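Below: one structure, written as structure tokens.
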Amino acid sequence: MDLKVSNGTGLGDERTTSLLLLGFLQSCPHSCFQRELETLGHELPGRLFHDDELQTDGNRYSHFPSAAAVETDSERQEEAVRDVARQLAQIGDRLEGSIRPGMVAGLASRFSIRSLSEEDRRQCLAAALEQLMQTCPADMDHEKTQLLLIMLLAKKIADHSPALLRDIFRTTVTFINQNLITYVRNLVQNEMD
């Protein structure tokens, strides 16, 4: 019998998507939001628990021999997510010009409205993405194009208004998890294989 103590062998969709977007944004060295991005990176959930650390239920982490394998899998997956993020950032450089400054300014203005709900923000992003999809090359994979454009929108909005980074980050992660998570999982798995 193989005993394991974990919440699964993977990072979890929320963490994977957050790492993907964070890695993508970190691949933009000349952006205006680097300080905000660094702060956000420190606030993201950490790795698996290690010996003598308290878990959220108040218990100490139990170390079974197979727990090291789970940690190694998680670290491999995390590195794969970072690699995918870098690759997407390189491809995104070619699509970045398709996002008009007026669209970015309009979205930043909408995101600045504090009373705007998370769902309204997500719908704003979805509408902008739909417009952008009509202008993109048809030879690119549809889901890959969507993922690239939604992350580029996040980058452009944060670059336009760095104070909005946390909000646009959260909304983009939610959007990806609701609409593109299967594609993200496949990208990461293919990178790990």
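The values are calculated or read from the model by the stated rules, or taken from the named source; none is laboratory data. Values in this document were obtained by computation on a predicted structure and should not be read as measured data. Quick reminder, even Gly has a Cβ in these numbers, built from the backbone with ideal geometry, and neighbours come from all protein chains shown. Heads up: the accessible areas ignore ligands, DNA and RNA and are worked out on the full protein's heavy atoms, side chains in. Shrake-Rupley method; radii C 1.70, N 1.55, O 1.52, S 1.80 Å.
Quick look at the numbers
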item	result
Qualifying residue in segment 123-145 (condition: over 25 Å from Arg185 (Cβ atoms), in a helix (DSSP H, G or I) and open to solvent by less than 80 Å² (accessible area, probe 1.4 Å))	yes
Candidate set from segment 147-169 (those that are within 18 Å of Val81 (Cβ to Cβ) and of a type outside the set (A, V, I, L, M)); member that is surrounded by the most Cβ atoms within 10 Å (Cβ to Cβ)	Lys155
Residue, nearest to Leu180 (Cα to Cα), within segment 130-141, restricted to residues that are modelled with pLDDT of 85 or more and touching a helix residue (DSSP H, G or I) at 6+ places or on another chain (Cβ under 8 Å)	Met133
Pairs, first closer than 17 Å to Gln134 by Cα and in a helix (DSSP H, G or I) in segment 97-119, second modelled with pLDDT of 95 or more and of a type in the set (D, E, K, R), C-beta under 6 Å, six or more apart	Val104/Lys156
Residue within segment 154-169 that is under 15 Å from Thr16 (Cβ atoms) and either touching a residue at least 60 places away in the same chain (Cβ under 8 Å) or part of a helix (DSSP H, G or I) (or both) present	yes
Test: Asn177 is open to solvent by 70 Å² or more (accessible area, probe 1.4 Å) and either out of contact with any Ser or Thr (no Cβ under 7 Å at 6 or more places or on another chain) or of a type outside the set (A, V, I, L, M, F, W, C) (or both)	no
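Residue-by-condition table, conditions (1) open to solvent by 60 Å² or more (accessible area, probe 1.4 Å); (2) among the aliphatic types (A, V, I, L, M); (3) modelled with pLDDT of 90 or more:
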{"residue": "Ala80", "(1), (2), (3)": "no, yes, yes"}
{"residue": "Arg86", "(1), (2), (3)": "yes, no, yes"}
{"residue": "Ile91", "(1), (2), (3)": "no, yes, yes"}
{"residue": "Ser98", "(1), (2), (3)": "no, no, no"}
{"residue": "Gly106", "(1), (2), (3)": "no, no, yes"}
